[in-house]
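Novice: My structure is below; once you've seen it, I'll send some questions.
The values are calculated or read from the model by the stated rules, or taken from the named source; none is laboratory data. Remember, it's a predicted structure, so these values are computed and weren't measured experimentally. Positions of Cβ are generated from backbone atoms using ideal geometry, with glycine treated the same way; all protein chains shown enter the neighbour counts.
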Amino acid sequence: MSHSVSRCAGPLVLLVMSACTASWNALVRYSDQIAPTNESVEVGVYAAVLETLRDPYMPPITVLTSSDSVIGPLEAWVSGSPVRVPGYWADTLRREVQVALADSGLRWPGNVQLIVEAASQTGVNLVTGKELHVLPPQPDSGQPLAARLWLSRPGFNRDSTIAAIRTTYWCGIRCAHGATLVLARRPGYRWQVWKTWLHWIS
């Protein structure tokens with residue numbers, strides 16, 4: 001009797017796991033690009049986030065700041081309030097995202113060396129605070145030549161397939177935001193931003 005129950009339980013477990021994966025796939029976007037074999041998971045997260053800044057309407061230069069307390073003329077900060085993970089997500093997905101959001105790394109500024117490495121891979125013109133003196137003068141158009149960016153360290157779930165990161169970005173009085181981004185990857189593939197929670201915007 002117990003043998004027949006265990007024989008039936010196998011397909012049931014497979015069915016439940018398939019249903020969870022299917023519900024993840026309805027929400028989570030994955031990249032189809034293979035990640036470089038020597039790329040660390042943290043550099044991969046920074047590269048995916050920096051890719052979102054590659055827009056012809058964005059300022060051509062991005063200045064990486066070490067503090068999110070003052071960015072440009074705005075008092076810009078990323079809210080410390082907890083992100084509310086939607087209740088309709090599959091329990092497994094919700095749990096993995098919450099683990100990444102609870103990672104203590106999110107409370108600290110990102111590693112400048114790793115962010116600069118990621119920028120060199122993505123083609124984003126990133127300048128660190130030490131290099132501000134090389135910036136050309138501001139144009140007369142009123143549009144800033146350089147944007148300001150602050151990134152936290154990423155937080156990860158247990159198997160580093162889900163990541164969370166906090167960002168503050170300023171590119172003008174009406175072009176600024178603070179957000180928490182959630183990324184996902186399949187092992188061996190690049191990270192992809194798939195969920196953004198805006199804490200503030202101007």
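Novice: Within the range 24-51, can you find the residues that are polar (S, T, N, Q) and either at positive phi or assigned to a helix (DSSP H, G or I) (or both)? Step through it out loud before you land on a result.
Specialist: Here is the first cut: in the range 24-51, the residues polar (S, T, N, Q) are 25, 31, 33, 37-38, 40.
Of everything in the range 24-51, just one residue is polar (S, T, N, Q) and either at positive phi or assigned to a helix (DSSP H, G or I) (or both), namely 25.
Novice: Is there a residue being at pLDDT 85 or above and of a type in the set (S, T, N, Q) anywhere in the range 47-62?
Specialist: Yes, the range 47-62 contains a residue that is at pLDDT 85 or above and of a type in the set (S, T, N, Q).
Novice: Any idea which of 17, 1 is modelled with pLDDT under 55, closer than 24 Å to residue 160 by Cβ and loosely packed, with under 14 Cβ neighbours inside 10 Å? Before the answer, list the steps.
Specialist: Values: 1 fails: closer than 24 Å to residue 160 by Cβ.
17 is the lone residue from the list that is modelled with pLDDT under 55, closer than 24 Å to residue 160 by Cβ and loosely packed, with under 14 Cβ neighbours inside 10 Å.
Novice: Turning to a different aspect of this structure: Just a yes or no: is a residue in the range 85-99 basic (Lys, Arg), at pLDDT 85 or above, farther than 13 Å from residue 181 by Cα and in contact with a strand residue (DSSP E or B) (Cβ under 8 Å, 6 or more places away or on another chain)? Give the derivation first.
Specialist: Kept after step one, since they are basic (Lys, Arg), are these residues of the range 85-99: 94-95.
Those still in the list that are at pLDDT 85 or above too: 94-95.
In the following step, the residues that additionally are farther than 13 Å from residue 181 by Cα were identified as 94-95.
Next cut, in contact with a strand residue (DSSP E or B) (Cβ under 8 Å, 6 or more places away or on another chain) only: none.
Checking the range 85-99: not a single residue is basic (Lys, Arg), at pLDDT 85 or above, farther than 13 Å from residue 181 by Cα and in contact with a strand residue (DSSP E or B) (Cβ under 8 Å, 6 or more places away or on another chain).
Novice: Does the range 21-28 contain at least one residue that is buried (at least 19 other Cβ atoms within 10 Å of the Cβ) and modelled with pLDDT of 85 or more? Talk me through it step by step, then tell me what you get.
Specialist: Of the range 21-28, the ones buried (at least 19 other Cβ atoms within 10 Å of the Cβ) are 28.
Next, only the ones that are modelled with pLDDT of 85 or more stay: 28.
Looking for residues that are buried (at least 19 other Cβ atoms within 10 Å of the Cβ) and modelled with pLDDT of 85 or more, one finds at least one in the range 21-28, hence yes.
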